[in-house]
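**Q** Provided herewith is a single structure, encoded as structure tokens, for subsequent inquiry.
No lab work stands behind these numbers, since they all come straight from the coordinates. Computed from a prediction, not measured in an experiment: that's the story for all the values here. Cβ placement follows ideal geometry from the backbone for every residue including glycine, while neighbour counts extend to all protein chains displayed.
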């Protein structure tokens, strides 16, 4: 179906989401932070990038900005379990920076696949 780049520092979550995506027919590349993700995207562009927002080395908001700068048509889903400042909606900020869809962790597998499917249309 699609080539998807999954960027998340949580190994267990990344592994489960990768399995879920592969079970739905997608090819999945993995990265543990934004720097790794950008390098992979530069070498092997994905149809869709799914990125966590809070990671070491390069966080998701910076990653989204770099992805959009390099490819304004990039399809991006931002995922996050929260944030460091209660007064800031980081998922809304991700949408403003170019993420086409967002998901708040934890989410149901069906909701995740639904958002992936909508993002690829």
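**Q** Given the DSSP H assignment, sum -39500 (n - 2.57) over each helix run of at least 4 residues in the chain and divide by its residue total; what's the result at 222 nm in deg cm²/dmol, nearest 500?
**A** Estimated from H runs of four or more residues: -13000 deg cm²/dmol.
**Q** If the viscosity is 1.002 mPa s and the temperature 20 °C, what translational diffusion coefficient in µm²/s does Stokes-Einstein give for segment 1-67 when Rh comes from Kirkwood over Cα pairs?
**A** Calculated translational D: 185 µm²/s.
**Q** When 1/r is averaged over all different Cα pairs and the result inverted, which Kirkwood radius in Å belongs to segment 35-84?
**A** For segment 35-84, the Kirkwood estimate is 11.1 Å.
**Q** In nanometres, what is the gap between the two model label sites at residue 92 and residue 1, each 7 Å from Cα along Cα-to-Cβ?
**A** Placing both labels 7 Å along Cα→Cβ, they lie 3.1 nm apart.
**Q** So, one more: Tell me, in nm to one decimal, what length is gained between residue 42 and residue 69 on full extension, where the rule is 0.36 nm per residue of separation less the Cα-Cα distance?
**A** Extending this stretch completely gives an extra 8.5 nm.
**Q** What does the highest-first list of 31-37, 96-102, 107-113 look like by mean Cβ count within 10 Å?
**A** Those peptides, ordered most packed to least, come out 31-37, 96-102, 107-113.
**Q** Find how much the distance from residue 22 to residue 111 grows on full extension, using 0.36 nm per residue of separation minus their present alpha carbon separation; answer in nm with one decimal.
**A** 30.5 nm
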